[in-house]
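My structure is below; once you've seen it, I'll send some questions.
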Amino acid sequence: MMKFISLEDLISRLESSLVEMNTKCSEKLQNCMIEALTKEKSDAAREMLSEILENYVIAQEECLPLCQDTGMVMAEVSMGIEVALTGGTFQEALDEAIRRAYQKSYFRKSVLTDPLIGKNTGDNTPGIVFIQQTHGDELQVNLLVKGGGCDNISALKMMTPGIAPDEIKKFILQELDKNASRACPPLIVGVGIGGNAAYALYLASRALGRPLGTPNHCKEYRQWEEQWKNEINQLGIGPQGVGGKVTCLEVRIESYPTHIASLPVGMVCSCHVFRHKKLSW
């Protein structure tokens, strides 16, 4: 039996979620920052984490943006074959939700009509949508809001098939050693391995869509996630780049089958304002 979901229902829930994501930090993220505070010894790192935590509280109490860069919106959608949207497309629903949320809440509008010759769209649309069709009658949406700073350190490398995982780790460490301080750490690091070049970056973004504290289901990947996180933290970059023990809160790895002659690896990061929400219909 088909499940019908109206465009207005989608818009309403997406709109309220976007406002919440931009103004309210999750309890899990706050706890991660509190734990990071207990690990830091330097005055500068502890002060920076304390200010981050204070910012979380002020933003929630006064319904103000967690960050002045209210980002670009991405939605990863899993749509069952028994789901039908009535009144329009998912892209139309997301864009209208963005338009309402960003205009009503006076969030910064940061999207250009064209990257080289465009002007500001004036309402932060369009959003970026990835849709995957699945069996069943469920609609699941992973919403992610990311600012320019953390997105600008994204990286892609076509590596040699058959190399050891340590070589992938070295690539990630090199990129973060050069650039992590520009992305407002502590970071959440998404790594995509496999597919093709374009899909590896998508996998890295999809990895960021996991809730905090959700490791990879595969034993080997879980071990690499923990190991790579620990080695990133040994770089000493610290909160907001002032130096310290906590540069990375989590590493998430997603993999996909790939061509025998290729090994694409993508890296995408989120800053300390991890704006993510999962919705289901």
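Bear in mind these aren't lab numbers, they're just calculated from the coordinates by the rules spelled out. It should be emphasised that the depicted structure is a prediction, and the values quoted were computed from it without experimental measurement. Because the Cβ atoms are built from the backbone with ideal geometry, glycine has one as well, and the counts that use them run over all protein chains shown.
With both bridge residues required to lie in region 122-277, what share of the DSSP beta bridges run antiparallel, to the nearest 5%? Don't skip to the end; give the middle numbers.
Details: 13 of 22 bridges.
About 60 percent, rounded to the nearest 5.
Using the Karplus curve 6.51 cos²θ - 1.76 cosθ + 1.60 with θ = phi - 60°, what ³J(HN,Hα) values do you get for each residue of region 264-277, in whole Hz, with x for Gly and Pro?
So the J values, rounded to whole Hz, are x, 10, x, 10, 9, 10, 10, 6, 5, 8, 7, 9, 9, 8.
Which percentage, to the nearest 5, of the DSSP beta bridges contained in the chain is antiparallel?
Within the chain, antiparallel bridges account for around 55 percent of the total.
Picking from VAL73, VAL111, VAL189, which is most flexible by a Gaussian network model of the chain using Cα springs under 10 Å?
In the Gaussian network model the winner is VAL111.
Treating cross-link reach as a plain straight distance, find the lysines whose alpha-carbon is under 24 Å from the alpha-carbon of LYS277, omitting any fewer than eight places away in the same chain.
LYS3, LYS24, LYS28, LYS104, LYS109, LYS146, LYS229
Assuming a ≥ b ≥ c are the square roots of the Cα gyration tensor eigenvalues, decide whether the chain counts as rounded (a/c under 1.5), prolate (otherwise, with a/b larger than b/c) or oblate.
Numbers: a/c = 1.74, a/b = 1.19, b/c = 1.46.
Oblate, since a/c reaches 1.5 and b/c is not below a/b.
Could you give me the percent of Cα pairs per 5 Å distance bin for region 159-281, shortest bin first, beginning at zero and ending with the bin that holds the maximum distance?
All Cα pairs, binned at 5 Å, distribute as 2, 12, 22, 24, 20, 12, 6, 2, 0 percent.
Rounded to the nearest 20 Debye, what is the dipole magnitude of the chain about its Cα centre when Lys and Arg each give +1 and Asp and Glu each give -1 at the C-beta?
Numbers: 29 positive and 34 negative charges, 73 e Å.
So the magnitude is around 360 debye.
Excluding residues fewer than 8 places away in the same chain, name every one of the aspartates and glutamates whose C-alpha is closer than 18 Å to that of LYS219.
Within the straight-line cut-off, LYS219 pairs with ASP166, GLU250, GLU254.
Which distance in Å, rounded to a whole number, links the C-alpha centroids of region 255-281 and region 84-145?
19
When the helix-only estimate is applied to the chain (DSSP H runs of n ≥ 4, each -39,500 (n - 2.57), divided by the residue count), what is the mean residue ellipticity at 222 nm, nearest 500 deg cm²/dmol? Let's see the in-between values first.
Details: 8 runs with 111 residues, N = 281.
That calculation yields -12500 deg cm²/dmol at 222 nm.
Which whole-number percent gives the relative contact order of the chain, counting Cα pairs below 8 Å spaced six or more residues apart? Mind showing how you got there, number by number?
Numbers: 571 pairs, mean separation 67.4, N = 281.
Reported as a whole number, the value is 24 percent.
Can you tell me the alpha carbon radius of gyration of region 27-123 divided by the globular rule-of-thumb value 2.2 N^0.38 Å?
Compared with the compact-globule rule of thumb, region 27-123 sits at 1.50.
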